[in-house]
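Presented below is the structure to which this report refers.
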Amino acid sequence: MSGTRLALRRQDGYCPIGDYAVLGDGRTVALVATDGRVDWWPVPALDAPPVCAAILEPQAGGYIQVVPVGQYQLSRAYIEGTNVLETTYTCETGCARVTEALNSGTAGRLPWNELARLIEVTEGTVEMALDVFPGDRFGQASPFTDAHDGTPVIRVGDQMLAVVTEGFTLTEVGPVRVRGTARIEGSGKALVAVIATDDEPLFVPSAAEVEKRLHATICSWKRWSETLPSDGPWAGAVRRSALALKSLFFEPTGAISAAATTSLPERVGGRKNYDYRYGWLRDTSFTLDAFMNLGLREETHAAVSWMINAICRTAPQLHVFYTLAGRVPNEEAELDVPGYRRSRPVRAGNSASGQTQLGVYGDLFDTMFKYVEAGHVLDDSTSRLLADLANQCCDAWRQKDSGIWELPDLQHYTISKIGCWVALDRACKLADAGQIGARSTKRWRHEAQTIKDWVDTNCWSSAQRSYTFYAGTEKLDAAVLLAGRTGFETGERLSGTIDAVVRQLAKGPMVFRYTGMQEQEGAFVACTFWLVSALVHNGQRDRAAELMDQGLGLANDLGLLSEQISPGTGELLGNVPQGLSHLALVNAAHALARR
């Protein structure tokens, strides 16, 4: 994606969410603002305490900044096919290009974290300023800096950070930060790297090693991207979304994190600020659909294995989500942190883990059916697990639950019942394919038809000509658009639901989650692409293609999407990058391409 000239918009220490770029290394992520500040960086893993958290706490949260001294203009873009960022700063005295990444190793991810920034002057002379100011990990640590053999080392609790530089003169080393400047002339260059470990010895490389790994990281990303689809009218957006999803793929276990951050608000100043650094079964299912559509075999198998292993630990109970290590999450805690633009509470953990969400049955079975359909074979223990869960679903579907939106109001949510229908429909297909035992298929088929009849009777509004949010209401839910994707309904009733959603929940290309949300939060980005897919499955391809083009305009200048967007200002809201938004884009583009 080509660079875009940007204005600096930090106010009271905060940047707009859409101003952030994302760097990833297969284990964690860093968010980089337009002014060269890393405002979010959990170490050593995506769900670990952040050493940089200025996005939530500008004063004590911590950041790492490399930026020209004085006034400048900038443009930025990812190097094509990578998650490596290039930012060009134009100053009165010259022009500098900063290339930055979370480095990878020779044969994959590094055993440590390595944030690398290479500064190259392309014209004139540029003076750069360095400021490494680690945070207090939300009040749980007191950073302290000293030097070892001339290299600054910062200790933040169990974490250690080495600040490796070349071409910089350090003007302050400790006790709580490292500062320096570099005057770079002609075609000169300088380098800064922060190497981090957690509760283990600290490796301190040379600047030359770091630069070599930076170039290798670029090549590694390009090799990976070469496997992605490269044709079609939306190929560029699909590739960028695939790269965003890859940054949420947790290589140590195969988990897929829902997002990279916690507590970025769905409405500035509101309380809907949640921790999304977990693997949701729903999001994992949808992401695996996207991965299979993209031909990503290795990531698909690893994520399926993570999902099955996590479920086996708690079976017969299905949790809504699990930690990236595949465990049941701890209790949610509210942190004494100001929050993004004073949006509180700031949360560590997510209380929705213990909810009943019946849709997870459908998410699991749809994934396993598509996995088998792609030519893979289930092992005996997985086959038995799925058969047992299908029988469990036959009884569970009659319960009320919290629904896909994790609400405290227990209802017979339409999308949850559709999810149970999907589970039993796919269980029958898996049995027909010889992948799970066929002993209970008669029951599964009977219950699937019973669910279909129940939904058509109790969750259909003749007045609205639409499926409703839940049984007994006239309210609408954009998630019911997924009925087309699952095959539950692709005809007249889907058509009526599409029209009702557009009429009552949409504003231009933006779609709110369900009735009443227009006053409480932004439009939900994934719903736009769910609408695209629903239109495709309903045979309205031209209308779907037009909406797809409009939906791509919701991304920031780098093609990144958050969870929500403000219809009034276009400002990105919620956690970022949001996996559900990017995978919905990929799957919508694939649905369009197939038709």
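A few comments on the model shown:
- Looking only at the range 31-63, and only at residues there that are in a strand (DSSP E or B) and closer than 16 Å to Gln159 by Cα, the one that is most open to solvent (accessible area, probe 1.4 Å): Tyr63
This table checks each residue for (1) of a type in the set (S, T, N, Q); (2) free of Cβ contacts under 8 Å to residues at least 24 places away in the same chain; (3) under 30 Å from Glu492 (Cα atoms).
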residue	(1), (2), (3)
Leu547	no, no, yes
Leu558	no, no, no
Leu572	no, no, no
Gln578	yes, no, no
Ala584	no, no, yes
His590	no, no, yes
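- Condition met for Thr253 (out of contact with any Asp or Glu (no Cβ under 9 Å at 6 or more places or on another chain) and under 22 Å from Val328 (Cβ atoms)): yes
- Residue match in the range 116-130 (condition: open to solvent by less than 10 Å² (accessible area, probe 1.4 Å) and at positive phi): no
- Pick from the range 310-343, criterion of a type in the set (Val, Ile, Thr) and in a loop (DSSP other than H, G, I, E, B), ranking: surrounded by the fewest Cβ atoms within 10 Å (Cβ to Cβ): Val328
- Scanning the range 370-409 for residues that are closer than 24 Å to Arg513 by Cα and under 27 Å from the mean Cα position of the chain (by Cα) yields Asp401, Ser402, Gly403, Ile404, Trp405, Glu406, Leu407, Pro408, Asp409.
- Hits in the range 155-171 (condition: open to solvent by less than 50 Å² (accessible area, probe 1.4 Å) and of a type in the set (Val, Ile, Thr)): Val156, Val163, Val164, Thr165
- Listed conditions (1) open to solvent by less than 10 Å² (accessible area, probe 1.4 Å); (2) over 28 Å from Asp275 (Cα atoms); (3) outside any loop (DSSP other than H, G, I, E, B); (4) out of contact with any Gly (no Cβ under 7 Å at 6 or more places or on another chain) are all met by Glu86, apart from (1).
- With respect to (1) more than 15 Å from the chain's Cα centre (by Cα); (2) open to solvent by 10 Å² or more (accessible area, probe 1.4 Å), the lone exception for Met307 is condition (2).
- Filter pass, Gln11 being open to solvent by 10 Å² or more (accessible area, probe 1.4 Å), closer than 22 Å to Thr181 by Cβ and among the polar types (S, T, N, Q): no
- Leu560 being buried (at least 24 other Cβ atoms within 10 Å of the Cβ) and more than 29 Å from Gly339 (Cα to Cα): no
- For the condition within 16 Å of Arg277 (Cβ to Cβ), crowded, with 19+ Cβ neighbours inside 10 Å and more than 20 Å from the chain's Cα centre (by Cα), Val346 does not qualify.
- Residues that are open to solvent by 20 Å² or more (accessible area, probe 1.4 Å), of a type outside the set (Ser, Thr, Tyr) and touching a Lys or Arg at 6+ places or on another chain (Cβ under 9 Å) occur at least once in the range 538-554.
The values are calculated or read from the model by the stated rules, or taken from the named source; none is laboratory data. A quick note: this is a predicted structure, and the numbers were derived from the prediction, not measured. Every residue, glycine as well, gets a Cβ built from its backbone with ideal geometry; the counts of neighbours run over all protein chains shown. Heavy atoms of the whole protein, side chains included, go into the accessibility calculation; ligands, DNA and RNA do not. Shrake-Rupley method; radii C 1.70, N 1.55, O 1.52, S 1.80 Å.
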